[in-house]
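Okay, so here's the structure we're looking at.
The values are calculated or read from the model by the stated rules, or taken from the named source; none is laboratory data. Keep in mind that this is a model prediction, so the values were computed, not measured. No Cβ is skipped: glycine too gets one built from the backbone with ideal geometry, and neighbour counts run over all protein chains shown. In case anyone asks, the SASA skips ligands and DNA or RNA and just uses the protein heavy atoms, side chains included. Shrake-Rupley method; radii C 1.70, N 1.55, O 1.52, S 1.80 Å.
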Amino acid sequence: MNFQLKTLVACAAFSIVGLQSCKDDDEVPLITGTGYSIPDSYSEFTNVDFDGQTQRLNQLLEMKKYLATANTVGSEVSEVKLLAMYENDKANAGFTGTYDDSKQIKSKTFANVQEDFANVLKSIAEDSKSTVAHSEGQAGVLAYSDNSKSYLINERGVDEPQIFEKGIMGAFLAYQINEVYTSPAKMDVDNIDITEGKGTKMEHHWDEAFGYFGVPTTFPATSDNLLFWGSYSNGRDALLETNSKMMDAFIKGRAAISNNAMGDRDAAILQVRAELERVSAGTAIHYINASIDNFTDISKKGHALGEAVGFAYALQFNGDKVISTAQFDEIMSLLGGGTAELDKLDFYKVTEADLQSAKDKLAVIYNMENIKDQL
């Protein structure tokens, strides 16, 4: 595998879009709502459309399901099909859903790592050809010690499909929310002319950011069919209360835009980014806990630690992130590899002390010390 996980965090000049530096722990500005009403649900807004986002989420869901077939011995996944799904090459993707020609995952992934994700798909396809069980130095399917599940594990003990899925949640979904649709390029646009079904350009861009969260407009009252970030927000909600906080930020931001309250809009942008970062950090800790609890079970550890790495990786796609470059590099190193290259990731070299250290550091950075063992 040649999956270059480039270190994208750069506090002085954020390398993705040159927005703001890594923020300190100051309180996120309050949204006043002065002079206008804020609805209780996103479903109360009119002219809302995020069909393109829904299509891409469903493409990623189909990729996830196809990748999961590699977890059975003798079930080989096709490199051609995986790359076609990534690029929406309909002739070879074999999608069951119907998607517009322009809708694809690759083009919406942060440009510097698009080919890196293609490379990890190639590696998964190659590893899936193995007809022997995984062992150190040998890729293959390995069952849990209790035989309840099995996963494709590469020669260094890494569940690469989890690296792809959780990594792309950062480089694609979080990137689009934080650094594209809530960026000045998408927010500082026309907010007067209304297109039927889509609202103003600014309203539409905000709705598209919301669409990548992967929840219904009636969330959290309705929690069915949650996808990706929406699902993991719900998973952490009992301890982090992320469901209501994310939705409050999205609802208040949309209301602010519709009422030309740009100060409130900007405060909502910061809230969306902050809460998504908390979901990512809390979920990384959650899977570090699972890795520690199952340290001697190579399949369970490889699967859980792959998820932990992916969620830690996602922290960098936010110009207003809390974590610093040095902190990010240290945590990624503790979780199993060099700070910039996932092709050097080796879960056999990770110690329990390394995992505990990464967990403790994340908990301090994100003020989760009192709940880190419960996450």
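From the cross-link list K106/K149; K103/K245; K108/K361; K301/K349; K108/K186, which pairs have alpha carbons spaced over 23 Å apart? Distance filter (> 23 Å) returns K106/K149; K103/K245; K108/K361. With contacts taken as Cα pairs under 8 Å at a separation of at least 6 residues, region 141-214 carries a relative contact order of 21 percent. Between D146 and K65, full extension at 0.36 nm per residue minus the direct alpha carbon distance yields a gain of 26.8 nm.
Extension gain for T131 to Y36 (0.36 nm times residue separation, less C-alpha to C-alpha distance): 27.9 nm.
Taken along the Cα-to-beta-carbon direction at a fixed 7 Å, the label points for S231 and D188 span 3.8 nm. To the nearest 10, the accessible area of H303 is 20 Å² with a 1.4 Å probe.
Each helix, a run of at least 4 DSSP H residues, gives -39500 (n - 2.57); summed and divided by the residues of the chain, these come to -14500 deg cm²/dmol at 222 nm. Please give me the summed charge of the neighbours of A281: other residues whose Cβ is under 11 Å from its Cβ, Lys and Arg +1, Asp and Glu -1. Here the charged neighbours net out to +4.
Taking Rg and Dmax of the Cα atoms in Å as calculated from this structure, the corresponding entry among (i) 20.1, 60; (ii) 23.2, 81; (iii) 20.4, 67 is (iii).
Using a cut-off of 15 Å between beta-carbons, work out the net charge of the residues near M202 (Lys and Arg +1, Asp and Glu -1, M202 not included). Net of charged neighbours comes to -3. Calculated on the Cα set of region 233-358, radius of gyration then Dmax: 17.1, 56 Å. Largest GNM mean-square fluctuation across I163, I192, I251, computed for the chain with C-alpha springs under 10 Å, falls on I192. First check a/c for region 80-219, with a ≥ b ≥ c the square roots of the eigenvalues of its C-alpha gyration tensor; if it is under 1.5, answer rounded, and if not, answer prolate when a/b is larger than b/c or oblate otherwise. Judged from the Cα gyration tensor, region 80-219 comes out prolate (a/c at least 1.5, a/b above b/c). Among A358, A308, A111, the residue with the largest mean-square fluctuation in a Gaussian network model of the chain, with springs joining Cα atoms closer than 10 Å, is A111. Compute the helix-to-body angle for 352-365: its Cα long axis versus the longest principal axis of the chain, expressed 0 to 90° and rounded to tens. Between helix and principal axis, roughly 10 degrees. Rounded to the nearest 20, the Cβ-based charge dipole of the chain about its Cα centre (Lys and Arg +1, Asp and Glu -1) stands at 380 debye. Note that the chain presents 39 Å² accessible area per residue, ligands and nucleic acids not counted, probe 1.4 Å. Mind jotting down the distance between the C-alpha centroids of region 147-202 and region 314-334, whole Å? Going from one Cα centre to the other spans 17 Å. For the chain, the longest principal axis of the Cα atoms and the long axis of helix 242-258 meet at an angle of about 40 degrees. For the chain, the longest principal axis of the Cα atoms and the long axis of helix 262-293 meet at an angle of about 20 degrees.
Can you work out the FRET efficiency for the pair I371 and D293, with r the C-beta to C-beta distance and R0 = 22 Å, to the nearest 0.05? My answer for the efficiency is 0.85.
With a Förster radius of 30 Å applied to the beta-carbon distance between E87 and K344, the computed FRET efficiency rounds to 0.65. Projecting label points 7 angstrom from Cα along Cα→Cβ for E115 and T351 puts them 3.8 nm apart.
Toward the positive end of the charge dipole of the chain, with +1 on the Cβ of Lys and Arg and -1 on the Cβ of Asp and Glu, the farthest Cα among I194, Y366, N71 is that of N71. Across the accessible surface of region 167-316, with the other protein chains kept in place and a 1.4 Å probe, carbon and sulfur atoms take up 46 percent. Take the Cα of S75, step 7 Å toward its Cβ, do the same at S244, and the gap between the two points is 4.0 nm.
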